[in-house]
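Asker: Input: one structure, supplied below.
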Amino acid sequence: MKLYSELAEYYFTIEEAGRKFSDEISFLREQFKRHKINTVVDMGCGTGEHVKELFALGFKPMGVDASPKMLEIAKERYPYCEFTEGKMEEFYIKQAVDSVICLFGTFNYLLEDEVVLDFLRNCQKNLKQAGLLVLEIWNSDPIHRIKRKPITTVSNVRQGDTAIRRNRGFRMTREDDISIVEVNYIYNLNQKDLKDKHTMRVFSYPQVEKFLHAAKFEILNVFGSYTEEKYLKTGARMIILAKKRS
């Protein structure tokens, strides 16, 4: 996927256009204070922006990502933070932490049931007793209703001398118990086009609830946004807080 390799230096600028990063950090800060969190692992940390902000707030974060290019940029930009390479469903931390977070669309790259369970069970191993798991997951209901969307421009951003236009469309390629979506992008960088395809899985809340129960997690809350809006079945995403059970 070119977003995590050829476009890695522009990754956060591109993604930030469709989000409010300050809300995400405020949400994490308040939840971590509420649950007495100190040590954190960011699974799928990308180029390290959440790790950097959490470090600045006094937490002890570590970023884990499977993309060497993303980590190269993270280490170059934030050399005072800790980053390491690893697959989210396999990475093992020698010393258990208070919280594991998995944000943006990272969770949605887990396509098969067993891989989802491998990841959640791995979180179990990496968390201290009653540790906190924070998941941001793209919701399946709106995708099932739309099924297909043509490629259109979704953002125009600039980083340095590079103007970046992001065009996105999608189509469902599987609609049974496993809902698979092919997301197609065309990036225009100073008039040069770059095509990129991502195969992802979208989830309903009952599916996620079942996976978390099987992996011995108790759901504490589910929100529809980082400003703690109520989760709606028709909403674009769910933000889940879960606690490790013994």
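Asker: Enumerate the calculated ³J(HN,Hα) couplings along the stretch 230-240 in order (Karplus 6.51 cos²θ - 1.76 cosθ + 1.60, θ = phi - 60°), each rounded to whole Hz, writing x wherever the residue is Gly or Pro.
Answerer: Coupling constants for the stretch 230-240: 5, 5, 10, 4, 8, x, 6, 8, 10, 10, 10 Hz.
Asker: Please list the non-local residues whose amide H lies under 5 Å from the amide H of LEU220, H modeled 1.01 Å from N, same-chain partners needing a gap of 5 or more.
Answerer: LEU241, ALA242, LYS243
Asker: A follow-up question, please. Taking 30 Å as R0, compute the FRET efficiency from the Cβ-Cβ separation of ALA56 and LYS36 and round it to 0.05.
Answerer: 0.95
Asker: With θ set to phi - 60° and the Karplus curve 6.51 cos²θ - 1.76 cosθ + 1.60, what are the ³J(HN,Hα) couplings of the stretch 129-143 in order, to the nearest whole Hz, using x for Gly and Pro?
Answerer: 4, 6, x, 9, 10, 10, 10, 10, 10, 6, 7, 7, 4, x, 5
Asker: Could I ask something else about it? Show me the GluC sites (Glu not before Pro) within the stretch 93-200 that DSSP assigns to loop and that have at most 13 other Cβ atoms within 10 Å of their Cβ.
Answerer: Sparse-neighbourhood loop GluC sites (Glu not before Pro): GLU112.
Asker: Past the 23 Å Cα-Cα mark, which pairs from LYS2/LYS60; LYS33/LYS230; LYS2/LYS243?
Answerer: In this structure, LYS2/LYS60; LYS2/LYS243 lie more than 23 Å apart at Cα.
Asker: Restricting to Cα pairs below 8 Å that are 6+ residues apart, what does the relative contact order work out to for the chain? Please round to a whole percent.
Answerer: Rounded, it is 18 percent for the chain.
Asker: What full-extension length gain, to one decimal in nm, is calculated for THR227 and HIS144 as 0.36 nm per residue of separation minus the Cα-Cα distance?
Answerer: Contour length minus the Cα-Cα distance gives 27.3 nm.
Asker: For the stretch 174-183, take each phi angle, set θ = phi - 60°, evaluate the Karplus expression 6.51 cos²θ - 1.76 cosθ + 1.60, and give the result in whole Hz per residue in order, putting x for glycine and proline.
Answerer: So the J values, rounded to whole Hz, are 8, 10, 8, 5, 10, 9, 10, 10, 9, 9.
Asker: Now for a different question. When the accessible area of the chain is split by element with a 1.4 Å probe, what percent falls to carbon and sulfur?
Answerer: 48
Asker: Take the cross-link list LYS197/LYS233; LYS149/LYS192; LYS36/LYS128 and give me the ones stretching past 19 Å between alpha-carbons.
Answerer: Too far apart for the 19 Å limit: LYS197/LYS233; LYS149/LYS192.
Asker: Take GLU85 and LYS125, extend 7 Å from each Cα along the Cα→Cβ direction, and tell me the distance between the two endpoints in nm.
Answerer: Each label point is offset 7 Å from its Cα along the Cβ direction, giving 2.0 nm.
Asker: For the stretch 1-98, which chymotrypsin sites (Phe, Trp or Tyr not before Pro) pass both filters: DSSP loop (anything but H, G, I, E, B) and at most 14 other C-beta atoms within 10 Å?
Answerer: Sites meeting the loop and neighbour criteria: TYR80, TYR92.
Asker: Would you mind getting the accessible area per residue of the chain, heavy atoms of the protein chains only, 1.4 Å probe, in Å²?
Answerer: 49
Asker: For HIS50, tell me the accessible area in Å² from a 1.4 Å probe, rounded to the nearest 10.
Answerer: Surface accessible to solvent at HIS50 totals approximately 10 Å².
Asker: Given 0.36 nm per residue, what is the gain on full extension from GLU114 to ASP176 after removing their alpha carbon distance, in nm?
Answerer: Full extension from GLU114 to ASP176 adds 20.7 nm.
Asker: Pick out, from ASN108, ALA96, MET43, the residue whose Cα sits farthest towards the positive end of the charge dipole of the chain, with +1 on the Cβ of Lys and Arg and -1 on the Cβ of Asp and Glu.
Answerer: It is ASN108.
Asker: With a 1.4 Å probe and all protein chains kept in place, how much accessible area does ARG165 have, in Å² rounded to the nearest 10?
Answerer: Surface open to solvent at ARG165 totals about 90 Å².
The values are calculated or read from the model by the stated rules, or taken from the named source; none is laboratory data. Everything numeric in this text was worked out from a predicted model, so none of it was measured. Don't worry about glycine lacking a Cβ; one is built from the backbone with ideal geometry, like all the others, and counts go over all protein chains shown. For accessibility, only protein heavy atoms count, side chains too; no ligands or nucleic acids. Shrake-Rupley method; radii C 1.70, N 1.55, O 1.52, S 1.80 Å.
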